[in-house]
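Right, one structure below, let's go through it.
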Amino acid sequence: MIRDFLDSLSESIERLGDTIRFLARILAQVPSAVLRPQLIFDQIYNAGALSLVIIMLSGLFVGMVLGLQGYDLLQRFGSEDALGTAAAIGLVRELGPVVTALLFAGRAGTALASEIGLMRATDQLSAMEMMAVDPVRRVVVPRFLGGVIAMPLLAAIFSMIGIYGAQLVGVQIMHVDAGSFWSQMQASVELRDINEGIVKSAVFGIACSLIAVYQGYHSAPTAEGVGTATTRTVVTSAVIVLFLDYLITAFFLK
Amino acid sequence: MNATSPIIDLRDVRYSVGGRTIFDGLDMQVLRGQVTAVMGPSGTGKTTLLRLITGQATADSGSIDVAGVAVTRSSRSQLYAMRQRMGMLFQNGALLTDISVFENVAFPLREHTRLPERLIRHLVLTKLQSVGLRGAAGLMPAELSGGMARRVALARAIVMDPQILLYDEPFVGLDPISMGVILRLIRRFNDALGLTSIVVSHDVHEITAVADRVFLLSGGRVVAQGTPLELRDSPSDVVKQFVGGLADGPVPFHYPAPDYFEELLARDGGRFA
Ligand SMILES: Nc1ncnc2c1ncn2[C@@H]1O[C@H](COP(=O)(O)OP(=O)(O)O)[C@@H](O)[C@H]1O
Ligand SMILES: [Mg+2]
């Protein structure tokens with residue numbers, strides 16, 4: 001039991017090392033990939049379009065739940081006017097980046113991993129190598145950058161729609177005063193809160209995109225390999241995102 | 001340049017992967033301008049051989065020279081420069097699935113040249129015409145049959161005017177007509193474009209019909225070489241087994257296993273997982 005655990009721990013650390021080396025290889029190719037922005041725009045569009053609807057829907061529901069729970073909690077202290085602030089801070093600092101990252105990993109991340117894995121399994125990556133085209137530059141880097149850019153935009157959309165959802169429940173159903181909902185939010189949400197959200201969604205975007213392209217690129221060249229790569233993408237992304245979330249939160253509260 | 005100087009020269013190559021030795025003491029010289037066939041049972045390392053020649057895999061020891069480039073001692077950028085003078089046809093074509101037939105053939109041109117669109121169009125259409133698929137330019141790879149996909153891949157492989165063309169199992173899974181088409185294209189391109197071709201295959205009859213020279217691989221080395229005629233008349237047991245398609249011989253039918261009867265009668269029932 002303990003032995004298995006230690007084995008899998010050392011394997012994870014090894015894989016982490018590999019992933020960081022892969023990141024270095026990607027970053028080295030970023031300058032030359034930027035010279036062909038169209039490839040990157042296509043991938044932003046892909047990653048964004050794939051996830052947009054589920055992120056908007058989830059943002060709405062999460063915001064509505066926040067509206068209900070927040071109202072219930074705050075009215076015990078007679079401070080339901082603070083609902084706007086509570087919802088905005090909860091979404092911008094925490095739920096927006098985290099839930100978006102989890103959904104992004106499940107939708108765009110798995111699509112990336114299986115697309116690249118399938119290119120590996122059908123020799124498309126080797127064919128590029130043979131045509132003297134570096135697949136990391138041509139395939140991996142644009143997809144990585146597309147994900148890195150799309151993720152913060154999606155998180156922002158999630159938070160905005162979430163605030164709207166909280167307002168929907170809090171103001172329209174629970175009859176919190178609309179004026180104080182918005183004005184309290186405006187008065188007490190600080191730049192620091194927004195920064196935390198931006199840093200988190202940027203870091204999660206890098207982590208999720210890196211994990212997806214890494215898993216796809218290094219998948220075994222078989223149907224089974226592609227399946228494993230997509231599963232690992234979701235699981236690894238989820239664990240890493242929650243772990244990084246703790247680190248960044250602690251850093252901002254320090 | 002001498003018409004019969006080796007353009008690909010492998011000497012005493014050793015290569016192992018995953019604890020298994022695939023090649024040990026492999027020597028092979030491929031002559032310029034010829035169609036060379038490499039035959040051998042599945043799993044002997046024919047694909048691996050092509051990967052060694054193109055520098056996608058690195059030999060443990062020995063030397064590999066391709067058109068004056070020492071593959072085993074070259075950097076990634078030197079290998080990329082060398083590969084621009086080589087074309088390779090993968091077993092299933094390996095077309096890029098997200099772009100059209102036209103764009104697949106145009107891909108190397110767009111990546112490596114800054115030719116005007118009009119010229120790219122001209123080059124792509126002439127190459128597609130030469131494989132008989134100009135009419136398929138607008139199709140997506142998923143819409144092609146196996147034989148068509150391989151012909152498109154062939155057009156893509158010659159679009160940069162390579163000196164060397166490598167084919168990995170170009171006949172597998174093709175109907176007899178498609179097979180004949182590919183066979184004739186191999187010979188025609190080799191002679192008309194002044195190429196050197198290496199064709200990896202285990203289809204003895206097909207390949208000996210076009211090859212100038214044949215190498216037979218087995219057990220990690222070249223066990224026989226010569227013209228197709230020389231091989232057909234060879235007294236060697238391995239060659240006879242392979243050319244004659246005999247199930248058992250020096251290349252055993254059975255994967256190494258414990259004694260048959262003992263295993264069937266074993267009481268404690270050995271497990272296979
Ligand atoms: N990356 C690898 N890891 C482990 N074994 C490999 C790898 N690549 C090839 N092999 C093994 O090397 C042998 C030769 O493979 P291959 O060159 O594909 O044979 P062929 O093309 O002649 O059928 C096979 O037994 C295969 O299992
Ligand atoms: Mg093979």
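Select from segment A:68-106 those chymotrypsin sites (Phe, Trp or Tyr not before Pro) which occupy a DSSP coil region and have at most 10 other Cβ atoms within 10 Å, ordered by residue number. Write out the running numbers ahead of the final one.
Numbers: sites: A:Y71, A:F77, A:F104; in loops: A:F77.
Here the chymotrypsin sites (Phe, Trp or Tyr not before Pro) that fit, given the DSSP loop and packing criteria, are A:F77.
Can you tell me the mean projection area, over all orientations, of the convex hull of chain A's alpha carbons? Units nm², please.
Numbers: hull surface 66.3 nm².
Average projection, Cα convex hull of chain A: 16.6 nm².
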Margin query: Under 8 Å for C-alpha pairs, at least 6 residues apart: give me the relative contact order for segment A:53-199, rounded to a whole percent.
Written below: 51 percent
Check: Mind checking how much accessible area B and A bury in total, 1.4 Å probe, in Å² rounded to 100?
Finding: 1700 Å²
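For segment A:37-252, give the percent of accessible area contributed by carbon and sulfur heavy atoms, probe 1.4 Å, rounded to a whole number. Numbers along the way, then the final one.
Values: 6340 of 9090 Å².
Using a 1.4 Å probe with all protein chains present, segment A:37-252 comes out at 70 percent carbon and sulfur.
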Next item on the list: Sort out for me the Cα centre separation of segment B:138-162 from segment A:6-72, rounded to whole Å.
Entry: 34 Å
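One quarter of the convex hull surface, Cα atoms only: what value does that give for segment B:151-253 in nm²?
Values: hull surface 28.9 nm².
Directional mean of the projected Cα hull area for segment B:151-253 stands at 7.2 nm².
To the nearest 20 Debye, how big is the dipole of segment A:37-252 about its Cα centre, given +1 on the beta carbon of each Lys and Arg and -1 on that of each Asp and Glu? Please list the in-between numbers first.
Working: 10 positive and 15 negative charges, 71 e Å.
Its charge dipole is roughly 340 debye.
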Notebook entry, point to check: Farthest toward the dipole's positive end in the protein assembly as shown, which of B:A37, A:F243, B:L217, given Cβ charges of +1 (Lys, Arg) and -1 (Asp, Glu) about the Cα centre?
Noted result: B:A37
Notebook entry, point to check: Which residues' amide hydrogens lie under 5 Å from the amide hydrogen of B:G226, considering only partners 5 or more residues apart or on another chain, with H built in the peptide plane?
Noted result: B:V214
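What fraction of the DSSP beta bridges in the protein assembly as shown is antiparallel, stated in percent and rounded to the nearest 5?
Values: 20 of 38 bridges.
Taking every DSSP beta bridge within the protein assembly as shown, about 55 percent pair in antiparallel fashion.
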Item checked: Alpha-carbon Rg with Dmax, taken over segment B:99-161, Å -> 10.6, 32
Checklist line | Under the Karplus curve 6.51 cos²θ - 1.76 cosθ + 1.60, θ = phi - 60°, whole-Hz ³J(HN,Hα) for segment B:187-199, x wherever Gly or Pro sits | finding: 5, 5, 5, 4, 7, 6, 9, x, 8, 10, 10, 10, 10
Next item on the list: Take the alpha-carbon centre of segment A:216-244, take the same for segment B:15-78, and report the distance between them in whole Å.
Entry: 33 Å
Margin query: Less than 17 Å apart at the alpha-carbon level, and either on another chain or at least 8 residues along: which aspartates and glutamates does that give for B:K240?
Written below: B:D203, B:E206, B:E230, B:D248
Notebook entry, point to check: Out of every Cα-Cα pair in chain B, what percent are more than 27 Å apart?
Noted result: 45 percent
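For the protein assembly as shown, what is the Kirkwood hydrodynamic radius in Å, using each pair of distinct C-alpha atoms? It would help to have the intermediate numbers written out before the result.
Values: mean 1/r = 0.0371 Å⁻¹.
With all distinct Cα pairs of the protein assembly as shown included, I get 26.9 Å.
The values are calculated or read from the model by the stated rules, or taken from the named source; none is laboratory data. Just so it is clear, the structure is predicted and the values come from calculations on it, not from any experiment. We place every Cβ from the backbone using ideal geometry, glycine too, and count neighbours over all the protein chains shown. Each accessible area value is taken on the protein alone, full model and side chains, heavy atoms only, with ligands, DNA and RNA left out. Shrake-Rupley method; radii C 1.70, N 1.55, O 1.52, S 1.80 Å.
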